[in-house]
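Some notes on the structure that comes next.
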Amino acid sequence: MPYDISPYIINGGDSLSNLKSPMTEAMYYILLALLNPNHGYQLMAAIEQVSNGRVKMGPGTLYGVLTRLQKDRLIEILNDDGRRKTYAITEDGKASLKAEYKRLKDMIQDGRTLEERL
Amino acid sequence: MGKLVRRLMLDDIYAIGRNESWFSNMAKKGLHLKKFGRIFIYFEKGEPKETKYRIDYLKDFPSREQLDVYQDCGWDYITNHGYFYVFSADGKSCTTELHTDPIEQGFSLSELDKRLRNNLIIISFAMLLFFGLMASIYVFNDQPFLFMIKGHFVQQMLLVIIELHIFYTVIRNYIVIRNLKNSLLQGKEINHNEDYRQARWLGGIFAVLFLPLALFVIFIPFVDIAKSKDYTLPEAHVNLPIVRLTEIEQNPNLMRETGYKLNGVDRGNRVSYDWSLLAPIQYEIDEHGIVNGEMWEDQSGNIRLA
């Protein structure tokens, strides 16, 4: 499903670190799932669960997002025993997630009339 | 392990969709991607199989954990070519796609896009310098055409063609990745079944044209070295269409003046042969002589003629 990405491109698309909202679905669900610290291994299952089976994330996407979020300090590595890393959301990440949640809620609110009209 | 089969790498590694499609097609014929070489790609002979291939751009080698997760989802790491990592999955099972979010995949290409752009800028400056040097050889020469024929003109022009081809490759790869990034950011997924035949044909034609050209350019200086020889000019008659000192001077007292000797060749009296593609036979004569008892018109020294 192609959708408008103009809001993603800030400063000509180069500065991705300022990118907090709107989020891609993958980013939103990973941040959401990382409210409980977890490792990559179980994250995919957690995301599927939290989205009631709607979101099936590919492993390439998962690790792509984890790498980017870590670089942008929205998540951090809590523990790395060499075999697996445990990721957790940071305060910045929580703030971004909250802002995105508010934006999505507003969007739903604004679309409320739809239910009356259809 | 099955027998390894080589195939020339005729397409760019940056053509992600085309390569994925090619690898899948090879697997259908029982040739399964094994590893990348410098010039060749190696395939292992086995049973024909429906296989999906995905090429992923990763900045670091994936961690053990990451590879485990990929494998759990059905994606096996095969090999990598620089930052391009190839994963494969059984074509018949309904494996989750490696990338389920084109926009996130587009973000992951941003870094490569930036790197290729910087590359392009540096190469552009190098090209400018290279062409400036090439042009200056002829522009600041009193006899540019003589210099072209006597010198390495053909070789230099071939070198220019090769450099232009390299430049074109750098530009092409930059544009390919930039377009791919932009189309991913617009939510369009990579076409994993892109037609690769035409690109491989073109790559093949370029290789056939450029490989001999490159070898030729390397080969020319060796011919030049082999054909460039110095001999001491004999005092007796030689079979060369040249005017000798004795013919100019017409003086029985004229005697040869021996010059500095290098490798047994009298530098004062020598024939030096040279070679270039446009002028295959070139020779230059040095001859020195003395007429005892005679002076220059300004009364200096013995007569010396060169």
- Message: Take B:Lys114 and tell me if it is within 14 Å of chain A (Cβ to nearest Cβ) and surrounded by fewer than 16 Cβ atoms within 10 Å (Cβ to Cβ).
- Response: yes
- Message: I'm trying to understand the selection: among the residues of segment B:13-50, which are surrounded by fewer than 15 Cβ atoms within 10 Å (Cβ to Cβ) and not in a loop (DSSP other than H, G, I, E, B)?
- Response: B:Lys28, B:Phe40, B:Lys45
- Those residues of segment A:48-67 which are under 16 Å from A:Ala88 (Cβ atoms) and either facing chain B (nearest Cβ under 10 Å) or crowded, with 23+ Cβ neighbours inside 10 Å (or both), in sequence order: A:Leu62, A:Val65, A:Leu66, A:Thr67
- With criteria (1) farther than 21 Å from B:Gln71 by Cβ; (2) modelled with pLDDT of 95 or more, B:Leu112 comes up short on (2)
- Task: Output the number of the condition that A:Thr113 fails; it satisfies all remaining conditions of (1) modelled with pLDDT under 90; (2) at the interface with another protein chain (Cβ under 10 Å from one of its Cβ atoms); (3) surrounded by fewer than 21 Cβ atoms within 10 Å (Cβ to Cβ).
- Result: (2)
- Find all pairs meeting these conditions: Cβ atoms under 8 angstrom apart; at least six residues apart or on different chains; first residue within segment A:80-104 and farther than 21 Å from B:Ser63 by Cα; second residue assigned to a strand (DSSP E or B). A:Thr90/A:Ile75; A:Thr90/A:Glu76; A:Gly93/A:Ile75; A:Leu97/A:Ile89
- Note on the structure: Within segment B:59-89, of all residues that are outside any strand (DSSP E or B) and aliphatic (A, V, I, L, M), the one nearest to B:Ile16 (Cα to Cα) is B:Leu67
- Query: Just wondering, is there one or more residues in segment B:90-104 that are more than 9 Å from chain A (Cβ to nearest Cβ), assigned to a strand (DSSP E or B), at pLDDT 95 or above and in contact with an Asp or Glu (Cβ under 9 Å, 6 or more places away or on another chain)?
  - Reply: no
- Task: Considering only residues that are within 11 Å of chain B (Cβ to nearest Cβ) and touching a Ser or Thr at 6+ places or on another chain (Cβ under 8 Å), look in segment A:78-96 and name the one that is surrounded by the most Cβ atoms within 10 Å (Cβ to Cβ).
- Result: A:Lys85
- Message: Please determine whether any residue of segment B:201-208 is touching a residue at least 12 places away in the same chain (Cβ under 8 Å) and part of a strand (DSSP E or B).
- Response: no
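Looking only at segment B:184-207, filter to residues that are of a type in the set (Phe, Trp, Tyr) and closer than 17 Å to B:Met26 by Cα; which one of those is farthest from the other protein chains (Cβ to nearest Cβ)?
B:Trp201
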- Message: Out of A:Ile108, A:Ile10, A:Ile5, A:Ile77, I need the residue that is more than 16 Å from B:Gln105 (Cα to Cα), hydrophobic (A, V, I, L, M, F, W, C), over 15 Å from the mean Cα position of the chain (by Cα) and at pLDDT below 90. Which one?
- Response: A:Ile10
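The values are calculated or read from the model by the stated rules, or taken from the named source; none is laboratory data. Note that the structure is predicted; figures quoted are calculated from it, not measured. Here the Cβ is made from the backbone with ideal geometry for all residues, glycine too, and neighbour counts use every protein chain on show.
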